[in-house]
Amino acid sequence: MLLEKMTSTERRAVGSLSAIMSLRLIGLFMILPVFALYAHDLIGATPFLIGLAMGIYGLTQALLQIPFGMLSDHIGRKPVIIAGLLLFALGSVIAAESQQIYWMILGRALQGAGAVGSTIIATIADLTRENQRTKAMAINGMTIGVSFSLAMIVGPILAAVFQVSGIFWLATLFSFIAILLLLTVVPKPQTTWHSDAEPEPTQFFSILKTPDLARLNCGVFILHAIFTASFVVIPISLKLYAGLESARQWILYVPSFFVAFILSLVFIVLAEKKHQVKPYFLLGINLLGAAVLILSLGASSLYLSSLGLILFFTGFSLLEAFLPSLVSRSAPKARKGTALGIYSCSQFLGIFVGGSVGGWLYGTFGLLHVYLFCLLFALLWLAISFGMNNPHYSASHAK
């Protein structure tokens, strides 16, 4: 049974739903490397409000992800996904047309309010057999990783050509393409609750108390707080100290990300081959901390900034790949959906805290204090993670 292939219906469902997830995430992530400098020109902008605008979609995502998933159990998956994509489109239009920072904050909040990630995962579970579900979730997870990588590469390039408002309009277009895919390609699901794919609110407290899962939830919170806070100041630092204007920053981002992507793949393969995820996981945290240090101290040098970005993206990609896999391995089978729901909320709360705290620190104390915040968070995560267990590998996996 383990070797049984997906049916054509399952392949169509997983492929189309992963594409919908990808279109939505690319629309969100493309803006990250270029947003801080763009938002500086908005009426009423302050560093704190820029950081808030950057991270507020994480707050609305965290608050609405699980309620949307629960609502879809009652009224159906497709209506909830369509509503979420329309909210995302509305937020993107408002952001594209915003001349004032408060309208931008509203637009970004509405983008996050289209929190249909958990509903898409539940739909994948509805449309796949249990013995194919792990494979389906792995494909969807890989799609998320590729979407992030692609967004970080093309976002700065597109901003240089179409301006940042053009990226928001592109995100709007992606929303409608996703709705079209949902209506024409995704099979009609028979809505069922799945313990391995959906959260169960009554079990939240017991999952929160599990030590290994608590470490991982803290980890994904810190990872995304560091990432968002860093990108409040990295574009500004590159402009002020390295003399790299916004339209030319893609020259640094794109090659740095390509090198980092290759390095992270090598580390992931080595970790799995040697069954030594923990050492490489700790390496990822160290790379993140080293990157922040280099970016703060070498801000005036393009070479050091490039090295810092390579280490930053390598550490981030490595940890972003390990974390959901570790949560899935650590969670009890009957509570896997709940564990992943809490993990997802922790991730989005990290985005919100990183953006708002990073903006406040930059406005109150300056760039260096944002980097210091990130470095201290990385050191805290390192201390927390030393007690983690190396994942168990079954005999069949070892072969």
Can you name the condition, by its number, that I384 falls short on among (1) in contact with a Leu (Cβ under 9 Å, 6 or more places away or on another chain); (2) modelled with pLDDT under 95; (3) more than 30 Å from G114 (Cβ to Cβ); (4) assigned to a helix (DSSP H, G or I)?
-> (1)
Among the listed residues G51, G69, which satisfies the condition of being in a helix (DSSP H, G or I), touching a residue at least 24 places away in the same chain (Cβ under 8 Å), within 17 Å of V34 (Cβ to Cβ) and touching a helix residue (DSSP H, G or I) at 6+ places or on another chain (Cβ under 7 Å)?
-> G51
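Taking the condition of a type in the set (A, V, I, L, M, F, W, C) and either part of a helix (DSSP H, G or I) or surrounded by fewer than 19 Cβ atoms within 10 Å (Cβ to Cβ) (or both), does I31 pass?
Here the answer is no, as I31 does not meet what is asked.
Would you check if S147 is touching a Ser or Thr at 6+ places or on another chain (Cβ under 6 Å) and open to solvent by less than 20 Å² (accessible area, probe 1.4 Å)? Steps first, answer last, please.
Working: touching a Ser or Thr at 6+ places or on another chain (Cβ under 6 Å): yes; open to solvent by less than 20 Å² (accessible area, probe 1.4 Å): yes.
Spelling it out, S147 is indeed touching a Ser or Thr at 6+ places or on another chain (Cβ under 6 Å) and open to solvent by less than 20 Å² (accessible area, probe 1.4 Å).
Condition first: among the β-branched types (V, I, T), modelled with pLDDT under 80 and open to solvent by less than 20 Å² (accessible area, probe 1.4 Å). Can you find one or more residues in segment 200-215 that meet it?
Restricting attention to segment 200-215, the residues satisfying the condition of being among the β-branched types (V, I, T) are 202, 207, 210.
Filter once more, so that each one left must be modelled with pLDDT under 80: 202, 207.
From what's left, open to solvent by less than 20 Å² (accessible area, probe 1.4 Å): 207.
Yes, some residue in segment 200-215 is among the β-branched types (V, I, T), modelled with pLDDT under 80 and open to solvent by less than 20 Å² (accessible area, probe 1.4 Å).
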Failed condition for T128, given (1) more than 30 Å from W250 (Cα to Cα); (2) part of a helix (DSSP H, G or I) | (2)
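Do we find that I222 is modelled with pLDDT of 90 or more, of a type outside the set (F, W, Y) and in contact with a Cys (Cβ under 7 Å, 6 or more places away or on another chain) in this structure? Even if it seems obvious, please write down each step before you answer.
Values: modelled with pLDDT of 90 or more: yes; of a type outside the set (F, W, Y): yes; in contact with a Cys (Cβ under 7 Å, 6 or more places away or on another chain): no.
No, not satisfied.
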Within the set of pairs 6 or more residues apart or between chains, which connect a residue that is among the aromatic types (F, W, Y) inside segment 96-110 to a residue that is at pLDDT 95 or above and open to solvent by 10 Å² or more (accessible area, probe 1.4 Å) with Cβ atoms less than 8 Å apart?
-> Y102/G44; Y102/L49; W103/I94; W103/E97
Taking segment 124-144, which residues are of a type in the set (S, T, Y) and either surrounded by fewer than 18 Cβ atoms within 10 Å (Cβ to Cβ) or without any contact (Cβ under 8 Å) to a residue 40 or more places away in the chain (or both)?
-> T134
Can you name the residue in segment 251-267 that is aromatic (F, W, Y) and open to solvent by 10 Å² or more (accessible area, probe 1.4 Å) and, of all such residues, is farthest from P156 (Cα to Cα)?
-> F267
How many residues does segment 34-48 hold that are surrounded by fewer than 22 Cβ atoms within 10 Å (Cβ to Cβ), in contact (Cβ under 8 Å) with a residue 60 or more places away in the chain and outside any loop (DSSP other than H, G, I, E, B)?
-> 3
Subset tally (residues that are open to solvent by less than 30 Å² (accessible area, probe 1.4 Å) and in a helix (DSSP H, G or I)) for segment 326-346 | 11
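The values are calculated or read from the model by the stated rules, or taken from the named source; none is laboratory data. Everything numeric here is computed off the predicted structure, so don't read it as measured data. In this analysis, Cβ positions are derived from the backbone assuming ideal geometry, glycine residues included, and neighbour counts consider all displayed protein chains. Remember, those area values only see protein heavy atoms, side chains included, never the ligands or the DNA or RNA. Shrake-Rupley method; radii C 1.70, N 1.55, O 1.52, S 1.80 Å.
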